[in-house]
Amino acid sequence: MTGDSPASVTDEATQSTGAAIGWWGVRTMAEHEFRLRLRAGRWRWLLAAWFVTLLLLTWGLRAALVATGAAERGVDMFGGLMLFMLALAMLVVPALTAQSINGDRERGVLATLQTTLLTPAEIAIGKLVAAWAPTLVFLAVSLPLIVWCLVEGGVSVGRVIGTLIATALLLGALAAIAQCLSAVFARSTTSAVMSYLVVFALSIGTLIAFFIGLMLTTETETVTERIPVWDNGQPQFNEETGQPINVDRWQTAEYEASVQQTEKVWWLLAPNPFAVLADSTSGTVEWERTGFDPLQTIREGVRSARDPDSGWSGVASTEKAVWPYGLAFYLLIGVGALTLTIRRLRTPYGVLPRGVRVA
Amino acid sequence: MEQRAGVEVAGIRRIFGEVIAVDHVDLAAPPGSVTALVGPNGSGKTTLLLVLATLLRPDSGTVWVANHDPVTDPQAVRALTGWMPDSFGTYDTLTAREVLEFAASAYRLRRDRGEQRARELLELIHLADYADLPVHVLSRGQKQRLGLARALVHNPTVLLLDEPAAGLDPRSRIELRGILRGLAADGRAVLVSSHVLAELETMADRVVFVDRGQTVSEQELADLPRSERRPWRMQALDPNSLVDALDRYGIEHADPDASGLEVLLSGDEAAAQLLARLVRDEVRVTTCAPVGSGLEDAYLAMTEDRR
């Protein structure tokens, strides 16, 4: 053997085993997982394809804006780019993360990991960091295009940074959800499908739910209106107040009107990732300018849903923001998903989930 | 406390739904010896090792591994225990060295110590030439050896090996025996499950038989009862002279074939007497050995009622 006596077994570093989570463990796990990911995929091609797709989009947007004669093209280009990038990244994240835990179990490497001194929290957080990091690399690769938008004008650097942070947070929460599904379901195909269903539910399901909710809460009111009648058929109005004058008699008319109450269902839009992104990052821009900023439009849409009385008045219509609710939703879900993942990794197992083999 | 430094299991039971994987197992694997865990497929060996390796909680019974309870203090057990599962995956894109270095970090060894440990172990399992090749080019037996090295990376006091000899070529098996004997000689407790009984006989000091989730017997290998009358295989340079001599002595024997013939003898004493007589009568005997092994006999006796 190696000459070490068993007494010398416990290494200096084992002293920190009592702690549930340590920097060493998270880093070890993240580095390991990142190296595996780096060797497994054709990253250069993926990143190149990502960049070219976004380049074509940005270039196309710019061409369209030039053709319509819009000024300050940067704002519109940036909005389009960020929304498209979020959509694309939401397709990438489940692919990267949805087999994180059960895939390891299927490959027969999870049990030997669980018997090391890495704690469940270190394994889960390390894996999550290693899954999140590539998505940040994808964002970083798009930086040249964002700079292009800056050059076109109208976008502030602060807004760019805010948008990138919001995107990164959304993708991190999504990665935590996908990883949790991979810890909950025994088969990696199941968790992959479930992850894409979650993406669908958040981005399109919330819209559907909002409109269904809107219809369910719509009330019909009976409106009674008094109509002035002039016998000679010549309406007369006070020139200053606009009130009818010299009215001969009043008729009453009753009719049914349906009243939508978006303020009752706006919260269904809050978890929509595009709503969170748009509402949290677009600034107040003069409405009179030409062009079409998709971020601004979505922001106006969700805010006026929450506060319908504010109307479409031009500049940022209301201070009643929707994004804090959305972001809180994602942070809660993300932390919850991570906690559940850690619980699922905790050994020794008492009751085994259905279909799960330990090793 | 001393006797708990190895593995000590008393009356453990583990049920999966309707299936009783481990019913009632008692077992001790003391430090300084190799203990063989023997039993037919589905007898609960792997489940038992999963409990010892801190992965499964027993429904009842007490377990001590390296002076700690794997249920209440799994981290302490992990620091002192090396476990090699019966089937395991490897990180195919990593090199053998990287696999061991990662395992070392996962056991919280400092980086330089991890690197040193990886070098030592690659030498030990004769994979130094393959250290920097990706694991997917390794053969099944080489991966198996890497799995053993992985279990040894943190220099554990207790080793739990589930079918470590599976897929190994004869030379690797002999080397595995040497490695395990060396580990036991260092004062470690080694618990090995295997089906290759001849293998275990030369490797183990103690044997624990389990069947249908229960400990059937637990004893020193030297104390195994040997059945009195058993076949011995004999070979001579001239097979006819051997047959003639046996006929003269009136000893029952089978017809000779290419690898000699079998005679039924009652014990070592009878064999020694027969050999002496043959030598005196100038029959040039080259081989005289009992067929099968004590462990095999015992195993067959333990599991007889299965048929």
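The values are calculated or read from the model by the stated rules, or taken from the named source; none is laboratory data. Note that the structure is a prediction, hence the values are computed from the model and not measured. Neighbour counts are summed over all protein chains in view; Cβ atoms, including those assigned to glycine, are modelled from backbone coordinates with ideal geometry.
For the reader, a short list of remarks on this structure follows.
- Pairing residues of the stretch A:320-335 that are without any contact (Cβ under 8 Å) to a residue 24 or more places away in the chain with residues that are part of a helix (DSSP H, G or I), at Cβ distances under 6 Å and at least 6 apart in sequence or on separate chains, gives A:K320/A:R306.
- Single match in A:V137, A:V129 (criterion: surrounded by fewer than 20 Cβ atoms within 10 Å (Cβ to Cβ) and either modelled with pLDDT of 95 or more or not assigned by TED's automatic domain parsing to the domain that holds A:V198 (or both)): A:V129
- Unmet criterion (only one of (1) free of Cβ contacts under 8 Å to residues at least 12 places away in the same chain; (2) within 13 Å of another protein chain (Cβ to nearest Cβ); (3) under 13 Å from the mean Cα position of the chain (by Cα)) for B:A184: (1)
- Filtered by the rule that a residue be modelled with pLDDT of 90 or more and more than 8 Å from chain B (Cβ to nearest Cβ), the stretch A:3-28 gives A:V26, A:R27.
- Residues being under 18 Å from A:L136 (Cα atoms) and in a loop (DSSP other than H, G, I, E, B) - total across the stretch A:30-85: 2
- Candidate set: the stretch A:19-59, residues that are under 28 Å from B:A103 (Cβ atoms) and of a type in the set (G, A, S); chosen: the one surrounded by the most Cβ atoms within 10 Å (Cβ to Cβ): A:G25
- Residue list for the stretch A:109-128, restricted to those being β-branched (V, I, T) and farther than 18 Å from B:L152 by Cα: A:T119, A:I123, A:I125
- Close pairs (7 angstrom Cβ cut-off, 6 or more residues apart or separate chains): surrounded by 24 or more Cβ atoms within 10 Å (Cβ to Cβ) in the stretch A:67-95, aromatic (F, W, Y) anywhere: A:D76/A:F292; A:P94/A:Y196
- So A:M82, is it at pLDDT 90 or above and more than 27 Å from B:Y91 (Cα to Cα): yes
Yes/no matrix, rows are residues, columns are (1) within 13 Å of chain A (Cβ to nearest Cβ); (2) farther than 12 Å from B:D211 by Cα; (3) buried (at least 20 other Cβ atoms within 10 Å of the Cβ):
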position	(1), (2), (3)
B:A10	no, yes, no
B:R14	yes, yes, yes
B:V19	yes, yes, no
B:H24	no, no, no
B:A28	no, yes, no
B:V34	no, yes, yes
B:G42	no, no, no
B:T47	yes, yes, yes
B:A53	yes, yes, yes
